[in-house]
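Student: Mind having a look at this structure? Questions to follow.
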Amino acid sequence: MKIGIGPKKVLLITLLLGFLGTQVMAEDPFFPLSELKPGMKGQGFTVFSGTKVEAFPVEIVGLMEGSGTLSRLVLIKMTGDQIVAAGMSGSPVFIDGKLVGAIGYGFQNADHRYAVVTPIAEMLTLWTRKEDETFTFTEGGLPGYTGVALGDAPPEGAWLRARPVATPLFLSGYGSRAGEYLLTALQREGAFISSQGRGMAYPGLIPALQPLALAAPEAVAVPDQSALQPGSALALTLVEGDYKVSALGTLTWREQNKFLGFGHSFMNKGWVEYGVGGASIIGVIDSRDFPFKLAVASPCFGRISQDRGAGIAGELGILPRMIQVETEVTDEATGLVRNYAFTVVDDENLLPVLMIAGVLDTIDRTIDRIGPGTAQVYFELNGANFPSFQRENLFYGQDIAAAALLEFSEMLRVVTENEFIKPELTVVKLRVKVSPEQRRAKINKVDLPKKEFAPGEKVTLTVDLLPFRGKTVQTPLEVTLPDIPGKWLLMIYGNQYGFTGEEQGSNDEELYLPELYPAYNSLEEKLADYQRRPQNNELVVEFLPVEGIPEAIEAGPGPEGPAEETAETDREGTDGTGRPDGRNYQTIPTSYFVTGEEQIVVEVVAPPATETIEPPRIEGGGVMNGLSGE
């Protein structure tokens, strides 16, 4: 996005920089790079405490030309008492009252007075940078160094390795497990963040998860949008409400309600819709690796629409579209009930992990333990352009909080990754009731009265269920045999088992018959099929024709069964009765999370043909009835 320079912009920048004690040439608010020379003195602006924008002296050290999408960068040195800290990304640098650019990069385990500035011309275009880039000094520089490398340095020459002045990520309300999960997921998505003592997406970045940033926002004054000016702290928002996820940076440039910041990307995702608000700086913490700011973020009062290599861009006064999440978790052992509500940004890649992290933490906080149990889960996904999806199911696991979210997680991805429409999720609701009881039972034995049956015959099976540390429970199950004569494989299993021996995420050859899984034609059709799937507490009885069944299927799944069925291997397509096309299965509910499987080969035998005797016929076409010869 390129922002033009007009009279209104000039007036606004004049007022802003006049407030900062600088002089502005109305006809040219930006300092031309062609006139920039090593040794020139200027000022940077940022917030070191609270919301007050303060100036700090800088000196131009060197000018660099790049090999990648960013054509120029500027090396500066902070000549006062201040040092570069994470959270300063986007801090504007001025010379003679004209904007040069924004601090975007610093150096790990080095002199923290040095920083690399992204020129304002690069930020205005918001070019994307993905590849490694090198910048060679054309003027000035540091003795003994060829230039600066963003990423891996070339083998030839001596290079300073610069990293983005990482964006501190403040997580509020999350416990350690949900926080770790969320941090790892965001790193995987490419966020310029890291955490002390953990693996880093970019080695040498500053700590990201700062407990001091969890101070109550009402205890600290934060600026409103009218007070934002170059150098003000900016908070990029991903989650708001009972849980908060904010990334800290600095505002570089503002033209009425439009703004630029950060001086580097957050996730480099291009067009985005994130929230943005102000922030109050608690303090700057020194660190051997890289100093960092602590902050408390304000609620959103604008949105970010661009996240590219040169920085972020957006507008104030227009809020992003957020998705409401409402959770209720009950611990049946203690009677404790907790309700949490929060909103997440409408990003198809991020919203599943943002939602799951919040719900996982709600369960962890309510039951206050990590261990086995059983959970009754109800959730619904509501959207503006697809039918509401509701689902209730029973789950068991050694880590019940994680196990309870398996299907919820799967369905979020079914919706966000569907190939038919861009989903417009509006409200997501979830209720979880957790019990420490291990209400699971294994199929131990199946008794059949006989092995040969008439087409369509009804028969009662007896299924022996063996509960966890309990006595065998005999469950009668009436089923209807297929109408087609021949040998059939009768499979009785818990719903976590099908005849797909494939574990989620494995690359093994698919072990199912493709003709039994017709393609979906719409998201509505796909959701309807998932809604009708057997539940984990149901016994499933299924008939498969023996002829043509792959050997791996006929042998059945392994003793452990699949960890979780994927959208592709689940029962896709239905005939309108709740059964997938070509499938012949029946279910019966139980009180347990059912596991295990039994297989029996049965035969459907056609009834013997009856001989038809034709009555004698007389000449003329009549039929002799034995009483009259007429």
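The values are calculated or read from the model by the stated rules, or taken from the named source; none is laboratory data. Note that the structure is a prediction, hence the values are computed from the model and not measured. As a convention, Cβ positions derive from the backbone with ideal geometry for all residues, glycine included, and neighbour counts pool all protein chains shown. These accessible areas exclude ligands, DNA and RNA; they are computed on the full protein's heavy atoms, side chains included. Shrake-Rupley method; radii C 1.70, N 1.55, O 1.52, S 1.80 Å.
Student: Do the alpha carbons of any pairs in Lys269/Lys422; Lys98/Lys258; Lys77/Lys293; Lys293/Lys429 sit beyond 25 Å of each other, and which pairs?
Tutor: Distance filter (> 25 Å) returns Lys293/Lys429.
Student: Right, here's the next one. Considering only protein heavy atoms, what is the solvent-accessible area of Val605 at a probe of 1.4 Å, reported in Å² to the nearest 10?
Tutor: It works out to around 60 Å².
Student: Something else now. Just to confirm my numbers, what's the Cα centroid distance between the range 229-295 and the range 344-390 in Å?
Tutor: What the calculation gives is 27 Å, centre to centre.
Student: Arranged from highest to lowest average of other beta-carbon atoms within 10 Å per residue, in what order do the peptides 84-91, 329-336 appear?
Tutor: Ranked by mean Cβ neighbours within 10 Å, highest first: 84-91, 329-336.
Student: Between Glu524 and Val459, what is the label-to-label distance in nm when each label sits 7 Å out along the Cα-to-Cβ direction?
Tutor: About 4.1 nm, to one decimal.
Student: To the nearest 20 Debye, how big is the dipole of the range 391-487 about its Cα centre, given +1 on the beta carbon of each Lys and Arg and -1 on that of each Asp and Glu?
Tutor: The dipole magnitude comes to about 420 debye.
Student: Next up: Could you sort Ile83, Ile282 by their accessible area in this structure, using a 1.4 Å probe and putting the largest first?
Tutor: Ile282, Ile83
Student: Using the scaling law 2.2 N^0.38 Å as the reference, what is the normalised Cα Rg of the range 298-349?
Tutor: 1.73
Student: Something else: Note the full-extension length gain between Glu380 and Gln599 as 0.36 nm times their separation in residues minus their Cα-Cα distance, in nm to one decimal.
Tutor: 75.3 nm
Student: On a full-extension model of 0.36 nm per residue, what is the gain between Asn349 and Val427, subtracting their alpha-carbon distance, rounded to one decimal in nm?
Tutor: Gain in length upon complete extension: 26.4 nm.
Student: What full-extension length gain, to one decimal in nm, is calculated for Thr184 and Asp368 as 0.36 nm per residue of separation minus the Cα-Cα distance?
Tutor: Between Thr184 and Asp368, full extension yields 64.0 nm more.
Student: To two decimal places, what compactness ratio does the range 336-398 give when its Cα radius of gyration is scaled by 2.2 N^0.38 Å?
Tutor: Taking the Cα Rg and dividing by 2.2 N^0.38 Å, one obtains 1.29.
Student: What FRET efficiency comes out for Asp399 versus Glu65 if R0 is 45 angstrom and r is the Cβ-Cβ distance? Round to the nearest 0.05.
Tutor: 0.25
Student: What whole number of Å gives the distance from the Cα centroid of the range 39-114 to the Cα centroid of the range 418-451?
Tutor: The distance from the Cα centre of the range 418-451 to that of the range 39-114 comes to 55 Å.
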